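Notes follow the structure.
The values are calculated or read from the model by the stated rules, or taken from the named source; none is laboratory data. If you're wondering where the values come from, they're calculated on a predicted model, not measured in any experiment. Methodologically, a virtual Cβ is constructed for each residue, glycine included, from the backbone with ideal geometry; neighbour enumeration extends over all protein chains shown. Protein only, heavy atoms only, side chains kept; ligands, DNA and RNA dropped before computing areas. Shrake-Rupley method; radii C 1.70, N 1.55, O 1.52, S 1.80 Å.
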Amino acid sequence: MSRYNFRLYHDPNRNLNQIVNMYQINKIRKDRSIIACFLVFLTTLTAIGQNTNTITIGMEHRVQNVIGTNIFMYKCGFPNEEFKGLPTDTTSFRLYEQASIVCALVRVDQKSDSYFCVFDINEDHDFSNDYHYCFTRKQILDERVFTPQRYANIWIAPRIRLNGVAGHGGIVTSPLAFDELVPMLSVHDFFIGYFDYQGKTYHVCSANNKEEFAVTDSIPVNNDELARKLLQQNLLRKVQFPIIRDNLIFKFIDINFSRQQCRISVTPLTNATMPTTPYEGFRAPAISAKDIKGKTVKLGSNYTLLDFWGTWCKPCISIIPELVDIHQRYPKLNLVSVAVEGSMDDLPKLKKLTKELNMDWTHVCQLHGDTANVASNFDVFSFPTTIIIDPDGKIIYRGSGSNSTDKLKAKLREIFRE
């Protein structure tokens with residue numbers, strides 16, 4: 001027995017009962033402390049669990065036609081008389097079909113280079129209640145300019161190879177062609193469901209084999225209207241990225257096709273829960289890159305405009321005068337252009353072009369296929385794409401295509417209160 005214990009048990013001022021009582025009291029206090037800590041731990045876990053709710057939603061399969069990506073449509077075998085809403089000039093259009101979906105490819109008039117195509121997605125043999133996609137021959141022949149609607153993945157191929165793939169090969173005489181144009185089709189599958197959360201009804205839509213999803217306040221009954229709403233309003237988001245609505249973060253978890261169910265998580269939006277995602281409303285990914293002069297790119301404390309482009313991209317080059325004007329109009333705006341090129345051998349061409357076009361701002365050159373480049377981190381695969389990041393590092397604008405500059409300018413006027 002140690003000296004400490006000997007003195008303790010032989011302390012003349014304490015008897016054995018007092019010592020035992022003190023031991024029991026101290027043990028109770030320790031037990032209570034342990035229990036209290038455990039309860040705090042459980043409370044913390046419960047609070048964390050309450051922040052995110054997982055919801056299982058029953059889904060309805062709305063579009064039954066499943067067609068592989070970018071498959072040519074073939075000349076329709078149905079008589080023209082079976083369809084409503086066709087042009088009166090029967091020499092100006094051609095009917096195509098694929099997996100019971102029928103398309104009308106129409107030349108507006110004999111002299112015009114304008115066309116439109118329309119798909120009978122609801123299969124009612126009436127084109128008047130379906131969406132028309134309008135384009136010109138110039139847009140079609142310049143594949144960099146023409147950006148088809150994503151609904152049904154419409155592609156008009158001006159050139160056809162013998163293996164049936166659209167490309168830059170010679171034009172093949174084929175019964176598919178109408179004025180050397182051929183429609184291609186890939187219909188999206190839509191799985192629709194709804195759920196109630198905090199007294200409000202939300203609709204969730206999984207599209208294109210669960211690669212994309214949307215959360216909306218309502219869902220149109222008509223499949224054509226559904227696709228038009230989802231795509232024209234840019235509501236679809238890749239499943240790996242969340243969606244923010246009503247200060248809530250919705251994240252797609254998975255979908256079970258056999259049970260026709262999907263699961264999503266719902267988390268209150270706070271500064272702590274704000275995810276890093278390359279879309280509007282989210283914290284922007286970090287940028288790690290050097291400019292073409294070898295200097296590290298820094299965003300600074302002002303607003304930053306990221307311009308994703310390439311020297312090969314005609315629509316990108318067409319909006320450069322607009323960017324030059326923006327750079328001169330808003331000197332406090334940090335403008336960074338990220339050129340995505342096929343090879344670093346294109347760097348001299350890039351430097352020459354930026355000088356000729358008075359692109360007097362920061363430039364980055366990175367390669368196609370580099371999964372760690374800035375474009376990949378910002379999920380940019382369409383050019384040009386412009387993104388505005390606010391001083392807090394949050395994305396407040398994202399636009400793609402040469403026709404989005406008006407929206408970009410409107411956003412800048414809003415930011416700088418013009």
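Here are the numbers for the structure shown:
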| item | result |
| --- | --- |
| Residue check for T201: assigned to a strand (DSSP E or B), surrounded by fewer than 19 Cβ atoms within 10 Å (Cβ to Cβ) and at pLDDT 90 or above | yes |
| Selection status of N209, modelled with pLDDT under 85, surrounded by fewer than 19 Cβ atoms within 10 Å (Cβ to Cβ), under 20 Å from the mean Cα position of the chain (by Cα) and closer than 30 Å to W312 by Cβ | no |
| Candidates N334, N302, N271 - the one that is open to solvent by less than 80 Å² (accessible area, probe 1.4 Å) and under 25 Å from the mean Cα position of the chain (by Cα) | N334 |
| Odd one out for S265, checked against (1) in a helix (DSSP H, G or I); (2) touching a residue at least 24 places away in the same chain (Cβ under 8 Å) | (1) |
| Matching residues in the stretch 357-384 - criterion: being hydrophobic (A, V, I, L, M, F, W, C), open to solvent by 10 Å² or more (accessible area, probe 1.4 Å) and not in a loop (DSSP other than H, G, I, E, B) | C365, L367 |
| Count - residues of the stretch 212-262 that are open to solvent by less than 60 Å² (accessible area, probe 1.4 Å), assigned to a loop (DSSP other than H, G, I, E, B) and not hydroxyl-bearing (S, T, Y) | 8 |
| Count of the stretch 376-386 residues which are within 13 Å of P278 (Cβ to Cβ) and over 13 Å from the mean Cα position of the chain (by Cα) | 1 |
| Any chance G170 is open to solvent by less than 70 Å² (accessible area, probe 1.4 Å), farther than 30 Å from E123 by Cα and at pLDDT below 75 | yes |
| Top-ranked residue of the stretch 385-418 - restricted to ones that are touching a Lys or Arg at 6+ places or on another chain (Cβ under 9 Å) and of a type in the set (A, V, I, L, M), ranked as most open to solvent (accessible area, probe 1.4 Å) | I396 |
| So A375, is it in contact with a helix residue (DSSP H, G or I) (Cβ under 6 Å, 6 or more places away or on another chain) and either basic (K, R) or farther than 17 Å from G300 by Cβ (or both) | no |
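Residues checked against (1) at negative phi; (2) in a loop (DSSP other than H, G, I, E, B); (3) free of Cβ contacts under 8 Å to residues at least 40 places away in the same chain; (4) small (G, A, S):
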| residue | (1), (2), (3), (4) |
| --- | --- |
| T273 | yes, yes, no, no |
| G281 | no, yes, no, yes |
| P285 | yes, yes, no, no |
| G294 | no, yes, yes, yes |
| K298 | yes, yes, yes, no |
| S301 | yes, yes, no, yes |
| F308 | yes, no, no, no |
| P315 | yes, no, no, no |
